[in-house]
Amino acid sequence: MTRRGFGRMAGAGALVAAGQGVLAHPVAAQALPKLKVWGASATVEAYHGFLFLGIPLGFYREQGVEVEFGTAAGSSATLQLVAAGQVQLGYVGMEVVALAKARNPTLPVTAVYLQDRGNIYELVVPQDSAIRSVADLKGKTIGVANLASGAIPSLRAMLAEAGLNPANDVSLVPVGNGAAAATALRGGRVQALSLFRAQHALIETLGISLRYFQREQPSAVVIANSTFLRQNPAAVTGALRGIAAGSIFAQLAPEVTVRQHWTMFGRPTGLSEEEAMSRARHVLSRSAELWRRWDDAATAWGAMDASMWDRLQAFMVQQQLMDRAIDSATLFSTELIPAVNQLDAAAVERRARGA
């Protein structure tokens with residue numbers, strides 16, 4: 001699934017013509033470097049706005065690059081496309097990066113930008129449940145999407161940290177996602193769910209208030225093809241600025257973000273426009289809670305450090321996902337982060353508030 005050329009849409013053109021761009025000196029009309037920026041989901045949702053908004057709103061072109069956006073079915077598939085050079089940038093889970101590099105140290109992928117500063121994998125119970133702590137789950141049944149779900153290692157760690165035996169003290173039952181998972185929870189088939197943030201937010205839109213239990217751990221990054229990164233640092237910097245701009249805009253103008261999503265990928269069927277907007281806004285806003293906040297002046301866009309990767313690898317070794325940790329310095333680079341943060345964020349904020 002791909003979309004390109006939306007940067008020439010009339011609406012985006014009007015914003016740029018009105019002097020509301022994010023560069024003091026807009027890039028002159030010329031052939032721009034082209035990059036493919038890929039997500040890691042079978043479907044594109046409004047909460048992927050940080051990746052696709054730069055196309056219709058012109059953020060990418062203003063930063064000197066032309067971007068084609070698409071998706072692959074999962075982080076592993078996206079990472080493979082980046083490693084093969086078929087895609088230049090990909091949004092993937094940190095665990096997938098660490099595991100792939102442990103298996104093949106020469107794999108040409110490098111994490112260059114931290115997007116999800118919070119953990120997408122979490123544990124939820126109904127807000128009115130008697131379960132007030134993870135330890136209270138002893139003897140309970142927990143619903144997971146399937147028994148190969150990426151949420152399970154994080155769930156096991158949370159249970160172990162609460163003093164429970166993940167193998168014996170709880171039962172795991174596949175319940176799928178969305179309405180099926182909500183039905184299992186509402187009907188008492190399971191007493192808790194361990195899916196991921198967007199799915200939990202979607203379940204909230206179905207009328208179930210939730211209590212959240214989480215592990216502190218960043219969870220998703222933007223990776224670059226290492227060869228392309230070495231040869232085209234300015235182009236990667238421009239694309240990452242576009243992603244930061246999209247993150248700001250999506251947080252401040254969620255309804256506009258949803259409508260841009262509908263324009264590019266179609267509006268959901270079977271729901272009124274009002275209900276579809278309400279659901280999409282809620283899922284977007286809850287998902288964006290995992291990102292760097294638009295007004296967090298103390299944190300640089302995309303910033304990460306070795307300690308984050310060290311903790312992740314220690315967790316993966318503990319969960320027997322990796323045999324041993326590797327040098328975290330081989331997994332990521334922050335060399336572009338200072339340049340990425342030269343983005344005129346205030347200009348993006350003004351555009352979002354006036355959209």
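The values are calculated or read from the model by the stated rules, or taken from the named source; none is laboratory data. From a predicted model like this one, the values you see are computed outputs, not experimental measurements. Positions of Cβ are backbone-derived with ideal geometry, glycine not excepted, and every protein chain shown enters the neighbour counts. The protein model used for the area step is the full one, side chains on, heavy atoms only, and it has no ligands, DNA or RNA in it. Shrake-Rupley method; radii C 1.70, N 1.55, O 1.52, S 1.80 Å.
Taking max minus min of the alpha-carbon positions on each principal axis, segment 101-213 gives extents of 49, 32, 22 Å, largest first.
Hull volume per residue, based on the alpha-carbon atoms of segment 173-235 and their convex hull, is 150 Å³. Between the amide H of ALA220 and those of MET94, GLN115, ASP116, distances stay under 5 Å, these residues lying 5 or more places away or on another chain, with hydrogens modeled in the peptide plane. Dipole magnitude for segment 288-345: computed about the Cα centre from +1 point charges on Lys and Arg Cβ and -1 point charges on Asp and Glu Cβ, it is near 160 debye. For segment 163-230 and segment 292-310, compute the distance between their C-alpha centroids and round to whole Å. Going from one Cα centre to the other spans 23 Å. Computed from Cα atoms, the angle from the helix 306-318 axis to the main principal axis of the chain rounds to 30 degrees. Answer rounded, prolate or oblate for segment 157-208, using the Cα gyration tensor with square roots of eigenvalues a ≥ b ≥ c: rounded when a/c is under 1.5, else prolate when a/b is larger than b/c, else oblate. Prolate shape, in that a/c is at least 1.5 and a/b is the bigger ratio. For the chain, the longest principal axis of the C-alpha atoms and the axis of helix 345-354 are separated by about 80°. When you restrict to C-alpha pairs under 8 Å that are six or more residues apart and normalise by the size of the chain, the relative contact order lands at 24 percent. Between the beta carbons of ALA179 and SER272, assuming R0 = 22 Å, the FRET efficiency works out to 0.80 to the nearest 0.05.
The charge dipole of the chain, taken about the Cα centre with unit charges on the Cβ atoms of Lys, Arg (+1) and Asp, Glu (-1), comes to about 460 debye, rounded to the nearest 20. Computed with a 1.4 Å probe over protein heavy atoms only, the accessible area of TYR121 comes to about 60 Å². Would you work out which of LEU336, GLY49, MET316 lies farthest towards the positive end of the dipole of the chain, given +1 charges on the beta-carbon of Lys and Arg and -1 on that of Asp and Glu, about the Cα centre? Final value for the positive-end residue is GLY49. Taking packing as the residue-averaged number of other Cβ atoms within 10 angstrom, the listed peptides 57-68, 273-284, 159-170 run from highest to lowest as 57-68, 273-284, 159-170.
Solvent-accessible area per residue in segment 122-244 equals 39 Å², computed with a 1.4 angstrom probe and all protein chains kept. Ligands, DNA and RNA left out, the 1.4 Å accessible surface of the chain is 49% carbon and sulfur atoms. Using the average count of surrounding beta-carbon atoms within 10 Å as a protection proxy, the listed peptides 128-141, 235-248 rank, highest first, as 235-248, 128-141. Based on DSSP H segments of at least four residues, each scored -39500 (n - 2.57), the chain has a per-residue ellipticity at 222 nm of -11500 deg cm²/dmol. Surface analysis of segment 79-120 yields an accessible area of 34 Å² per residue, using protein heavy atoms and a 1.4 Å probe. In order along segment 34-40, the Karplus-derived 3J(HN,Hα) couplings, from 6.51 cos²θ - 1.76 cosθ + 1.60 at θ = phi - 60°, round to 10, 10, 9, 10, 10, x, 9 Hz, and Gly and Pro are given as x. For the peptides 189-197, 256-264, the ranking by packing is 189-197, 256-264, with the highest mean count of neighbouring Cβ atoms within 10 Å listed first.
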